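J.: Got a structure here, written out as structure tokens. Questions coming.
What follows draws every value from the coordinates through simple rules; no lab data is involved. Owing to the predicted nature of the structure, the values given are computational and were not obtained by experimental measurement. Neighbour counts are summed over all protein chains in view; Cβ atoms, including those assigned to glycine, are modelled from backbone coordinates with ideal geometry.
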Amino acid sequence: MEKKTIVVVDDFENTLFVVEFTLKNNGYNVLKANNGEDALKLFDGRTIDLLVTDLNMPGIDGIELTHKVRAIDKYKYLPILMLTTETDSKKKELARDASVTGWIQKPFKMEKFLAVIEKCIK
């Protein structure tokens, strides 16, 4: 079976490292970016199975990134997970309006995180 490819975007290096490490150890290909601008460059037509992005980032935030990725025909229906410390219901609403697939609250348990990833990628 072919490995699934997940793009992980977070401006916090530690989160990026932990998420990448966990996903790679569980058999996924990981492409990572520290911001929305760099992340967008990864959506160049290659096969991507899931986007996991932080919400609050300088420049292009997770919601704007979601809108931009959804505007690319090939990635219109890509599952997108928001990974954030944010608890503001207005932000959650904006994420829902942007068609974010799921919302994972930081800090999170790795088992729960992986279960959500599995569910999104099937």
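J.: From the set of residues in region 83-110 that are surrounded by 16 or more Cβ atoms within 10 Å (Cβ to Cβ) and in a helix (DSSP H, G or I), which is nearest to the chain's Cα centre (by Cα)?
T.: ALA95
J.: Among the candidates THR101, THR47, which residue alone is touching an Asp or Glu at 6+ places or on another chain (Cβ under 9 Å) and under 25 Å from GLU2 (Cα atoms)?
T.: THR47
J.: Return the residues of region 1-35 that are assigned to a helix (DSSP H, G or I) and touching a strand residue (DSSP E or B) at 6+ places or on another chain (Cβ under 6 Å); say none if nothing qualifies.
T.: Correct list: LEU16, VAL19, GLU20, LEU23, LYS24.
J.: Quickly run through region 69-81 and pick out the residues that are closer than 15 Å to GLY45 by Cβ, outside any loop (DSSP other than H, G, I, E, B) and touching a residue at least 24 places away in the same chain (Cβ under 8 Å).
T.: Once the filter is applied, which keeps residues that are closer than 15 Å to GLY45 by Cβ, outside any loop (DSSP other than H, G, I, E, B) and touching a residue at least 24 places away in the same chain (Cβ under 8 Å), region 69-81 yields VAL69, LYS74, TYR75.
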